[in-house]
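*Asks:* I'd like to ask you about the structure that follows.
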Amino acid sequence: MSIPRDPIFDAVHAAFLPEPASEAAALARIRANAKHRLTTPPPAATPAQPTWLRPRGWTRARVLAVAIALVVLIGATVAAAQSGVIRRLFTSQTPSAQRMESLRVTDHPSGIEGPAADSVPADVEAALQQLAERPHGTGPAFGRLDPDFATRTLLSGRFGAKQVTVHARRTVDDRVCFAVSAGVEPTLLFSNCFDSFFDLEAPIHGSALLTAGSIHTVYGVAADEVTGIVVRTADGATSEALIGTNAYYWDTSVAGSPPVELVVQLEGGGTVTRPVDLTHGES
């Protein structure tokens, strides 16, 4: 008995599942579909671009500006390193007064009892006060002298025929102002103030002057670790500077040639050589 065909089923079957014209045609279609799937590569995925590389806002002009800024920054860093600015900025500097034993003892009644105040000429006291209150280069003044600390005599002795004294006083922010007097009857010759011993290897601070009478003078103050200073002159001769407590003095009354180098002697036996930068002054 044959089953009658449903005309609606036949219509749907013909629309969505058309029968191939023959079995051979059906096999050919299957092979073609399989070959297409095997030979067609999958679509390549587009990698995500980092936000900072996206073209939005990064014009050629902006890239050029950033490159120029980097070149300028590198140049400024090299120049600062050569001038010693970086070393000063990134090296912890102890205030000068804290590295000078002669200036670390207070005279204040509530502090550590120190030696009696030294006898200091009035012109020296006045010079130190003026130095402390005077603007330092393009910066502010050093500030007033510390009332808890008296002026100290760092050096007193004879150098050749001269009597030499070096006095110093600390300021309220631990800086140091000092004055040098010399002569048969000592008179004030030089005075200066400074912050810190920026020369980390040879912690001294001073000057070398050519004064009236063609006298070359080397003077200054030194940190506690300095034990002596030898002056080498242009003719190759050497002679020792007069050394006190944190101070030194030398002039050409004991040598015929100008100074060219200072050999700074340190605790432990080490030495550091520094060139003399000779400037001109008046006595």
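The values are calculated or read from the model by the stated rules, or taken from the named source; none is laboratory data. The shown structure was predicted, so the numbers you read here are calculated from the model rather than taken from an experiment. Cβ sites come from the backbone with ideal geometry, for glycine too, and all protein chains shown count toward neighbours. To get the accessible areas, we keep the full protein, side chains included, count just its heavy atoms, and leave off ligands, DNA and RNA. Shrake-Rupley method; radii C 1.70, N 1.55, O 1.52, S 1.80 Å.
*Asks:* Among the numbered criteria (1) touching a residue at least 12 places away in the same chain (Cβ under 8 Å); (2) surrounded by fewer than 19 Cβ atoms within 10 Å (Cβ to Cβ), which single criterion is violated by Asn246?
*Replies:* Evaluating Asn246 over (1) touching a residue at least 12 places away in the same chain (Cβ under 8 Å); (2) surrounded by fewer than 19 Cβ atoms within 10 Å (Cβ to Cβ) leaves (2) as the failure.
*Asks:* I need the full set of residues from the stretch 238-275 which are in contact with a Ser or Thr (Cβ under 7 Å, 6 or more places away or on another chain), among the charged types (D, E, K, R) and closer than 20 Å to Leu209 by Cβ, in order please.
*Replies:* Asp251, Glu261
*Asks:* Which condition number in (1) at pLDDT 85 or above; (2) among the hydroxyl-bearing types (Ser, Thr, Tyr); (3) crowded, with 16+ Cβ neighbours inside 10 Å is the one that Thr187 fails?
*Replies:* Only one criterion in (1) at pLDDT 85 or above; (2) among the hydroxyl-bearing types (Ser, Thr, Tyr); (3) crowded, with 16+ Cβ neighbours inside 10 Å is unmet by Thr187, namely (3).
*Asks:* Determine, yes or no, whether Phe149 is within 12 Å of Tyr248 (Cα to Cα) and more than 28 Å from the chain's Cα centre (by Cα).
*Replies:* Details: within 12 Å of Tyr248 (Cα to Cα): no; more than 28 Å from the chain's Cα centre (by Cα): yes.
No; evaluated as a whole, the condition is false for this residue.
*Asks:* Let me spell it out: the conditions are (1) open to solvent by 40 Å² or more (accessible area, probe 1.4 Å); (2) out of contact with any Asp or Glu (no Cβ under 7 Å at 6 or more places or on another chain); (3) over 19 Å from Ile229 (Cα atoms), and Glu201 meets all of them except one. Which number is the exception?
*Replies:* It is condition (3) that Glu201 fails.
*Asks:* Does Asp235 fit the bill of being under 27 Å from the mean Cα position of the chain (by Cα) and outside any strand (DSSP E or B)? Give the steps one after another, and end with the answer.
*Replies:* Values: under 27 Å from the mean Cα position of the chain (by Cα): no; outside any strand (DSSP E or B): yes.
No: the conditions fail for Asp235.
*Asks:* Okay, moving on. Among the candidates Glu225, Glu240, which residue alone is acidic (Asp, Glu), under 30 Å from Gln98 (Cβ atoms), surrounded by 15 or more Cβ atoms within 10 Å (Cβ to Cβ) and at pLDDT 90 or above? Before you say what the answer is, go through the steps one by one.
*Replies:* Values: Glu240 fails: surrounded by 15 or more Cβ atoms within 10 Å (Cβ to Cβ).
It is Glu225.
A quick yes/no check of all residues on (1) within 23 Å of His167 (Cβ to Cβ); (2) part of a loop (DSSP other than H, G, I, E, B); (3) of a type outside the set (Lys, Arg):
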position: Ser207; (1), (2), (3): yes, no, yes
position: Tyr219; (1), (2), (3): yes, no, yes
position: Gly228; (1), (2), (3): yes, no, yes
position: Gly256; (1), (2), (3): no, yes, yes
position: Glu261; (1), (2), (3): no, no, yes
position: Gln265; (1), (2), (3): no, no, yes
position: Arg274; (1), (2), (3): no, no, no
